[in-house]
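The values are calculated or read from the model by the stated rules, or taken from the named source; none is laboratory data. None of the values given here were measured: they were computed from a predicted structure. Heads up, the Cβs are rebuilt from the backbone with ideal geometry, glycines too, and the neighbour counts pull from every protein chain shown.
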């Protein structure tokens, strides 16, 4: 992370802390001089322990103005689970996704369009600068004292989610007992696969004098997390190869082959209506995430007068995340799409959109033209600072209000750096290098020809088996390895800032059922800018046609490619006679610190292999310059953009209360103005590159939207402990800003076997796909939501409830495919390829039921009184309007139809035990996951993620009032995610997570 990147946020943080410290000292002096003065009593609620936490959660839900579920920390700095997202998944209707095994992103009721708030107002998170889905990876859980999940709309509450919003709540000093409060913890963590010793440290200090208070929370942790990856590396590049018109690629005649005829009967069944599922690359990859997370939260509260209170908050987070990946990958060199030979092909039926019979094999031989030892290093640094100033005041005993200003700044930087070390020599896909004296395969010491590998997805994990060649275990000889290609792409920086100013008023009535009228106005401005870039290295040489030296800039530094037309024939082609760029980079000649040998591939181990050390690749510019000096950052204009969003809203809300009911009715007006700056693509600025175009100017699109958003919430006391609760509301949520700002990107690969048909050199990079990544005309998400439920509070620590909900989504964002002519690397359009893009589609709905049961078994005798349970189940079927291979309807992406949680806990004499399980049924990960039209009449295979069940255990023991020891095990069973394409036995890929052990000590004074 550069110093200039840190400067803005760091200066803001320092200023906030200096002002806070000055203000604190002045207040302390004033308190000492003035002594104790009479003031309004402030209720303080101290929650400690599992039972007390459950009582607080149920109390929040029971007396909430809408449909709300809560999570309360059971001690200072101690949420029930390891991460914020892991705790949120215990709430009915909440589903999460994981990043390296840790809970990260959150859905509510199947929708990712979830609002996020901090202490009741919007904040800017570095994990979600451009997206609408919350990502809490960078926020330490120790900074949060509780969370409310709001599932119904209220006029005075920020409406920035479709299915609901999440309100993170930090601790406020006036919520503490008077005097000083200190708490801290230190813990040890270790993973079952990584076997690295990690640590986490937290500290909390609070001071409350009734008139003045200050709180400081800090957290720091380091972790090394395992996340192995098996199967297809590019999930969007699984294909059906069809019979009929012959695909002019392939080997042998098992999968489609070259033929003088125009038709091929692959399986010899007498017809030409069969198709076969295959992909482009398969591998076993070891991945580790190294995370360093820092958090700081400070709050100052001052009772300025009997009728005026000032609150100031500073919330700072920082995450440095490095991902190391390495593994052996076998692929088709992005040219031979029929390289897989089935061993147990099975007919799976006829496609609804294709009319062809589908054959799928779970065991096959990969006739791989290329096998490479792949290494990648990614960095993902995040930093955010949010400052809040709030003044609450009373004008009369009936009229009160507040002014609030919030400023948020967030930055995120990401780099990707790749090294491909071939074990094959390159001859199988005609990749050669040329000097003035030599024309030879790019890796002359590598294995020649195609490598037959066994690939099997019929077991627990996809497995690759490698042959023994000439008595040598495949990959065991370092002499075989040559770093043929290296590049750095998909690098970006994102910056966002947020300003919010709002006024809220309240007038209390003391007659009739009308108790309160609330009103307010709010204005906000959010600016987000993304700059995406690639690294280009200069290559110079004499152009054979002009006799002059020229320089070309290259991203894919591949020693089998040519940068200069050295023979003057008008093409850059090593095969055609041009001198290739670069020199062999044999790993045997590397400094020993630059290579590693590893057999660490998790539960599947296919051998020991050599790789470029990913630690040496964390600095992408330094690594690229070490082999190809002079790299420059070149902005990728099709993925760079700026979006400004200005919102103005006003609301009025009336609260009613009678003998047996509570209700509120509100109306909100929202005006949303969007300005989207995209880039017009100019001339190419590089060769052998992705997205290498000049920025030819700006394309400005302005949009304005107006909404009237009604909301109704009510709760009827059917008896002293039985509540009927209902809600109606209309919601609006912003789109992911990338969906508005991005442009057209063209995917290219080496022509290879396509060269003859296209009349080009095999070395030319030709268009194979396109993506319209952004559409500024997409409308914001909007919905109409209904809730109706029964809640039975049969003790203060017990609840049995059922809630029905319906969400009518006005318009889904859908992907569409079309055929477009896209230019090859030389600017010539030679054919049409598949292009995907997003547009507003028809609406849909999600209906569901949520069941909850919570109880502390206080009625049991003696030791058994400490038992308790929390359980919930959600049923939420959905229909996206899309269909699968057979024409069956598909649900919404990332929505599990069924999810459940079960928590068993025990608390007695300082001992706390907790066993928690979370279940998600299968979910649709992506629609239309097949990638392209290589012999493919249809493109309608859904990618699914199998059902998962995660088990966690934690325990703690209070040694005395001041000290506790604790421990836990997360992901006890080493659960993992498995993805399949249409058929559950055809595993496409897997993400393998580890079990984590925690031991720690906590102190409190």
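With the condition kept exactly as written, say whether any residue in the stretch 776-786 is crowded, with 20+ Cβ neighbours inside 10 Å, assigned to a strand (DSSP E or B) and at pLDDT 95 or above.
yes
Within the stretch 547-594, which residues are part of a strand (DSSP E or B) and in contact (Cβ under 8 Å) with a residue 24 or more places away in the chain?
Matches in the stretch 547-594: 552, 553, 554, 557, 558, 586.
Residues being surrounded by fewer than 21 Cβ atoms within 10 Å (Cβ to Cβ) and part of a helix (DSSP H, G or I): count how many of those fall in the stretch 478-492.
Residues in the stretch 478-492 being surrounded by fewer than 21 Cβ atoms within 10 Å (Cβ to Cβ) and part of a helix (DSSP H, G or I): 2 in total.
Report, by residue number, each residue of the stretch 117-166 that is without any contact (Cβ under 8 Å) to a residue 60 or more places away in the chain, crowded, with 23+ Cβ neighbours inside 10 Å and touching a helix residue (DSSP H, G or I) at 6+ places or on another chain (Cβ under 9 Å).
Matches in the stretch 117-166: 134, 136.
Can you pull out every residue in the stretch 705-723 that is exposed (fewer than 15 other Cβ atoms within 10 Å of the Cβ), within 21 Å of residue 784 (Cα to Cα) and more than 29 Å from the chain's Cα centre (by Cα)?
The answer is 706, 708, 710.
Quick check on my filter: what residues within the stretch 88-104 are in contact with a helix residue (DSSP H, G or I) (Cβ under 7 Å, 6 or more places away or on another chain) and in contact (Cβ under 8 Å) with a residue 12 or more places away in the chain?
Scanning the stretch 88-104 gives 94, 103, 104.
Working only within the stretch 588-627, note down all residues that are touching a strand residue (DSSP E or B) at 6+ places or on another chain (Cβ under 7 Å), over 30 Å from residue 191 (Cα atoms) and surrounded by fewer than 20 Cβ atoms within 10 Å (Cβ to Cβ).
Once the filter is applied, which keeps residues that are touching a strand residue (DSSP E or B) at 6+ places or on another chain (Cβ under 7 Å), over 30 Å from residue 191 (Cα atoms) and surrounded by fewer than 20 Cβ atoms within 10 Å (Cβ to Cβ), the stretch 588-627 yields 621, 627.
What number of residues within the stretch 412-438 are modelled with pLDDT under 95 and surrounded by fewer than 19 Cβ atoms within 10 Å (Cβ to Cβ)?
4
Restricting attention to the stretch 671-678, does a residue exist that is out of contact with any helix residue (DSSP H, G or I) (no Cβ under 9 Å at 6 or more places or on another chain), in a strand (DSSP E or B) and buried (at least 19 other Cβ atoms within 10 Å of the Cβ)?
Looking through the stretch 671-678, none of the residues is out of contact with any helix residue (DSSP H, G or I) (no Cβ under 9 Å at 6 or more places or on another chain), in a strand (DSSP E or B) and buried (at least 19 other Cβ atoms within 10 Å of the Cβ).
Pull up the stretch 446-473, narrow it to residues that are out of contact with any strand residue (DSSP E or B) (no Cβ under 7 Å at 6 or more places or on another chain) and over 14 Å from residue 428 (Cβ atoms), then point me to the one that is modelled with the lowest pLDDT.
Top of the filtered list is 470.
Among all residue pairs at least 6 apart or on different chains, which show Cβ distances below 6 Å where the first residue, located in the stretch 300-314, is on the phi > 0 side of the Ramachandran plot and surrounded by 14 or more Cβ atoms within 10 Å (Cβ to Cβ) and the second is at pLDDT below 95 and in a strand (DSSP E or B)?
Short answer, once both residue conditions are applied: none.
Would the stretch 654-668 turn up any residue that is assigned to a strand (DSSP E or B), under 28 Å from the mean Cα position of the chain (by Cα) and touching a residue at least 60 places away in the same chain (Cβ under 8 Å)?
no
Determine whether residue 702 is modelled with pLDDT of 90 or more, in contact with a strand residue (DSSP E or B) (Cβ under 8 Å, 6 or more places away or on another chain) and exposed (fewer than 15 other Cβ atoms within 10 Å of the Cβ).
Yes.
One residue is enough: does the stretch 850-873 have a residue meeting the conditions crowded, with 16+ Cβ neighbours inside 10 Å, touching a residue at least 12 places away in the same chain (Cβ under 8 Å), in contact with a strand residue (DSSP E or B) (Cβ under 9 Å, 6 or more places away or on another chain) and closer than 18 Å to residue 810 by Cα?
The answer is no, given that none of the residues of the stretch 850-873 is crowded, with 16+ Cβ neighbours inside 10 Å, touching a residue at least 12 places away in the same chain (Cβ under 8 Å), in contact with a strand residue (DSSP E or B) (Cβ under 9 Å, 6 or more places away or on another chain) and closer than 18 Å to residue 810 by Cα.
Can you name the residue in the stretch 889-922 that is without any contact (Cβ under 8 Å) to a residue 40 or more places away in the chain and part of a strand (DSSP E or B) and, of all such residues, is surrounded by the fewest Cβ atoms within 10 Å (Cβ to Cβ)?
889
When you go through (1) over 36 Å from the mean Cα position of the chain (by Cα); (2) assigned to a loop (DSSP other than H, G, I, E, B); (3) over 30 Å from residue 310 (Cα atoms) one by one for residue 397, which number turns out not to apply?
So residue 397 meets the others, but not (3).
Taking the options 459, 454, 475, name whichever one is within 37 Å of the chain's Cα centre (by Cα), farther than 30 Å from residue 746 by Cα and surrounded by 20 or more Cβ atoms within 10 Å (Cβ to Cβ).
475
Going by the conditions given, is residue 385 surrounded by fewer than 23 Cβ atoms within 10 Å (Cβ to Cβ) and part of a strand (DSSP E or B)?
Criteria not met by residue 385.
So, in the stretch 168-201, exactly how many residues are out of contact with any helix residue (DSSP H, G or I) (no Cβ under 8 Å at 6 or more places or on another chain), assigned to a loop (DSSP other than H, G, I, E, B) and crowded, with 18+ Cβ neighbours inside 10 Å?
Number of matching residues: 5.
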